[in-house]
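Contents: one structure, followed by commentary.
The numbers here are math on the coordinates, done by the rules we state, and not lab data. Owing to the predicted nature of the structure, the values given are computational and were not obtained by experimental measurement. With ideal geometry, Cβ positions are generated from the backbone for all residues, glycine too; neighbour counts draw on all protein chains shown.
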Amino acid sequence: MILKSKDVLGLEDMSAEEILGVLEIASRFRAVFDRPVRNVPIMRGRTVVNFFHEPSTRTRISFELAEKRLSADIVNFSAATSSFKKGETLRDTAENLAAMKIDMLVIRHSSPGSARYLARVLDCSVINAGDGAHEHPTQGLLDIMTMRQRLGDLRGKKVTIIGDIAHSRVARSNIWGLTKLGAEVTLCGPPTMVPGSLEKLGVTVECDLRKAVADADVLNVLRIQLERGAGSTFPGNREYHRMYGITEDVVRSLKPEAFIMHPGPMNRDVEIAGEVADGPRQVILDQVANGVAVRMALIYLLSGGDPGALGGGD
C-alpha cells in the first residue's frame, strides 16, 4: 500500500517512500497520454467533487482531466456559484457533501487547514488543491516528477526556488518534498519575501540572486502573490525584475544543463522574462503534462487501485 492515509493534505505528511511510490504510478499514467484512447475505466461509477473556493485554471482543469481520464463522475462547483455566497460555512458544506455519499473531494480554499478540517469530518478521501499559503501538494509532486525526469535521483541536486516565498504554498510543498528526497534547496528573493525562519526546514536562504543560482541544477521561479498582499513587500515590478527577474543574462550565467520551471500563472517580464519563458531551458509544459499524471495517480491510489495492476512505466 503506497499511501498510508485516505487523504492527501500536504507533502509534510508524506514520507519519501510515499512520494516516490506516487511518482512511479504517475510515470505509468504518463505513458497513457501517447495512446490514441487516453481514458481508462478505473473510476467508473465513482463520484469526485471539485470544490474551488479560489480562482484556478491550471489546477482545476488538470484535476478534471485526470478524473475524466479515469472515467469518474465529476461534480464541479465554486464559491461564486454556491451557498457560500449566502453565508454557508465550510462545516455546513462538508456535512451536506457527506450526506450525498461522494467518493472523493478535491478542495482549494483560501484558509490554511481547510482541507485538513474536511478530512476529519468526511469519510471520503480529500485532496488538497491548495489551502491559503500553506501547501499545494499536487504541485509539489508534479514539480518533483519533472525534476526527476531530467536529473534522476535528487540526492545532492541543487534546487533554487526564487520569488515570493512568504506567500507561496508551492514553495512549502517543494521544500517538504525535495528535502525528504535529499535535494539541497536554496530560497531566494527580496528579504521581505523570504522569511529567515524557513532555514529551520533544512534549506538555505540567499537574497543575492547571482549567488543563489550559481551552481543550481534547477530554478523554480514563483509568481508574486499580489492577491495575498505581496505587492506591499517590494518597490514595484520594474525594480523586482531588475533585482530578481530571470532574464537571458541570468540564464547565461547558469550551468549548461540547468533548467527553469514555473508553476504558473506567469507574470511575464516581472519574475521571468518572456524570452526565457519561451526559451529552450524551460520545462513549463512538461510540468503541466506531469500534473495530470500525478493527479491521476493520487486519485487511483486513494480509490484503492492496485499499483501492480498497471504494469510497468516508461
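Observations, loosely collected:
- For region 96-150, fraction of C-alpha pairs farther apart than 18 Å, in %: 41 percent
- Net length gained if the chain between S303 and D278 were fully extended (0.36 nm per residue, minus Cα distance): 5.2 nm
- On the beta carbon distance between A289 and N237, with R0 = 41 Å, the FRET formula returns roughly 0.85.
- Members of K4/K101; K6/K200; K180/K211 lying beyond 26 Å, as alpha-carbon distances in this model show: K6/K200
- Label separation (E12 vs K211): 2.8 nm, computed from points 7 Å beyond Cα along the C-beta direction.
- Each Lys and Arg Cβ is given +1 and each Asp and Glu Cβ -1; about its Cα centre, the chain then shows a dipole of about 400 debye.
- The Cα-based radius of gyration and maximum Cα-Cα distance (Dmax) for the chain are 19.3, 57 Å.
- Were the residues from V40 through S197 laid out at 0.36 nm apart, the gain over their Cα-Cα distance would be 52.0 nm.
- As a length-normalised measure over Cα pairs under 8 Å and 6 or more apart, the relative contact order of region 137-284 settles at 24 percent.
- In this structure, E88 and R120 have a Cβ-Cβ separation that, at R0 = 22 Å, corresponds to a calculated FRET efficiency of about 0.75.
- Fluctuation leader among N237, N96, N220 - the chain, Gaussian network, Cα springs under 10 angstrom: N96
- In loop segments of region 92-136 as defined by DSSP, the trypsin sites (Lys or Arg not before Pro) with at most 15 further C-beta atoms inside 10 Å of their C-beta are K101.
- Extension gain, S5 to M266, is 90.6 nm, computed as 0.36 nm per intervening residue step minus the present C-alpha separation.
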